[in-house]
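Here the structure is laid out as structure tokens; the discussion comes afterwards.
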Amino acid sequence: MNSSIESMALDVSDQEMLLFQQLFREHIGLYLPFSKKALLCSRLSRRLGELSMSSMQEYYSLISLPQEEAERQRAIDLITTNETYFFREQKHFDALRDDILPEMQSPHPLKVWSAACSTGEEAYSTAMLLDRHRSHQPWSIFASDISQRVLSFARRGLYPMMRGEHIPPEYLARYCLCGTGEYEGHFLIDQKIRKRVVFEQRNLLSLPSDMDEQFDIVFLRNVIIYFDFPTKVSVLQSVINKVRPGGWLIVGHSESLHGMPLDLQMQAPSIYRRPS
């Protein structure tokens with residue numbers, strides 16, 4: 001009987017770590033420092049066991065093959081961090097309600113892009129706020145992520161009850177359905193909100209040329225911290241091109257754009273505007 005790889009002490013050499021660094025940087029711009037060796041091993045160990053592989057080198061040899069796109073995507077899904085929650089960084093949503101939306105009362109359809117949406121909490125939080133404060137004017141939300149796994153979770157809109165602790169009570173009662181039976185202990189985002197959000201896979205390093213629409217508001221929060229400086233600038237310039245003149249870009253509170261040659265004007269900490 002073969003023992004599971006999970007019961008073994010999986011390790012990655014410096015040389016192997018360099019290979020994984022290069023692969024993830026090339027495909028998704030993610031920079032994995034050597035201090036993340038343990039994280040790399042822990043995230044991939046179960047998958048190696050499922051494939052009956054005994055070394056990280058063997059797995060790298062597999063996912064580096066051009067024809068192994070599906071398995072490479074599986075590795076990307078496993079290694080990317082997807083920590084998020086509803087109404088994360090509340091000041092952004094306060095600014096959206098109090099400062100940004102009042103300037104956008106024209107009847108043209110408001111377009112929002114959640115550019116690293118993870119499991120959907122950011123997009124659905126925004127959708128709740130827009131339905132509450134812009135219910136009689138057209139709006140839509142496009143949400144994207146590199147991970148197919150989190151996108152599948154987001155499309156479903158079903159969350160453990162504990163994930164809703166930051167949702168304002170009014171929104172929780174209005175937009176979230178309490179699960180029963182096999183879904184007890186969970187809540188479902190109401191369909192009228194789910195249908196207003198479109199989830200699709202996008203790689204911020206290589207946005208498709210046919211993605212030519214521009215957005216009034218773009219959330220790009222807590223993702224550029226995982227890129228090195230040149231990649232940050234490249235990704236931000238690409239994303240800014242999708243912000244309409246006069247539109248808004250919102251990044252994470254811990255993310256600084258200082259020293260970057262970007263066509264943006266800071267309106268408040270982590271909130272920027274593209275000049276008209």
Within the stretch 104-145, restricting to residues that are touching a strand residue (DSSP E or B) at 6+ places or on another chain (Cβ under 9 Å) and among the charged types (D, E, K, R), the one that is nearest to residue 201 (Cα to Cα) is 145
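State whether the residues of the stretch 216-238 include one that is more than 30 Å from residue 264 (Cα to Cα) and out of contact with any Phe, Trp or Tyr (no Cβ under 9 Å at 6 or more places or on another chain). Reasoning before the result, please.
First, the residues of the stretch 216-238 that are more than 30 Å from residue 264 (Cα to Cα): none.
The answer is no, given that none of the residues of the stretch 216-238 is more than 30 Å from residue 264 (Cα to Cα) and out of contact with any Phe, Trp or Tyr (no Cβ under 9 Å at 6 or more places or on another chain).
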Flagged in the stretch 78-93 as buried (at least 18 other Cβ atoms within 10 Å of the Cβ) and over 30 Å from residue 273 (Cβ atoms), in numbering order, are 79
Exactly one of 47, 88, 43, 74 is within 21 Å of the chain's Cα centre (by Cα) and over 24 Å from residue 157 (Cα atoms), and that one is 43
Residue 174 passes all but one of the listed conditions (1) farther than 30 Å from residue 29 by Cβ; (2) assigned by TED's automatic domain parsing to the domain that holds residue 115; the exception is number (2)
Conditions (1) free of Cβ contacts under 8 Å to residues at least 24 places away in the same chain; (2) touching a strand residue (DSSP E or B) at 6+ places or on another chain (Cβ under 8 Å); (3) surrounded by fewer than 16 Cβ atoms within 10 Å (Cβ to Cβ) -> residue 185 fails only (1)
Scanning the stretch 128-182 residue by residue, those hydroxyl-bearing (Ser, Thr, Tyr), without any contact (Cβ under 8 Å) to a residue 60 or more places away in the chain and part of a loop (DSSP other than H, G, I, E, B) turn out to be 135, 180
Exception for residue 14 within (1) acidic (Asp, Glu); (2) within 20 Å of the chain's Cα centre (by Cα); (3) at pLDDT 85 or above falls at (2)
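Among the listed residues 67, 15, which satisfies the condition of being in a loop (DSSP other than H, G, I, E, B) and surrounded by fewer than 15 Cβ atoms within 10 Å (Cβ to Cβ)? First the steps, then the outcome.
Values: 15 fails: in a loop (DSSP other than H, G, I, E, B).
Testing whether each residue is in a loop (DSSP other than H, G, I, E, B) and surrounded by fewer than 15 Cβ atoms within 10 Å (Cβ to Cβ) leaves just 67.
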Within the stretch 201-221, restricting to residues that are in contact (Cβ under 8 Å) with a residue 24 or more places away in the chain and more than 20 Å from residue 247 (Cβ to Cβ), the one that is surrounded by the fewest Cβ atoms within 10 Å (Cβ to Cβ) is 201
Residue set 65, 48, 39; condition modelled with pLDDT under 90 and outside the structural domain of residue 234 (by TED's automatic domain parsing); output residue 39
Counted residues in the stretch 95-133 being surrounded by fewer than 18 Cβ atoms within 10 Å (Cβ to Cβ) and within 30 Å of residue 148 (Cα to Cα) come to 3
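The values are calculated or read from the model by the stated rules, or taken from the named source; none is laboratory data. The model shown is predicted, which means the values in this text are computed figures rather than measured ones. Counting neighbours? That spans all protein chains shown, and the Cβs are built from the backbone with ideal geometry, glycine included.
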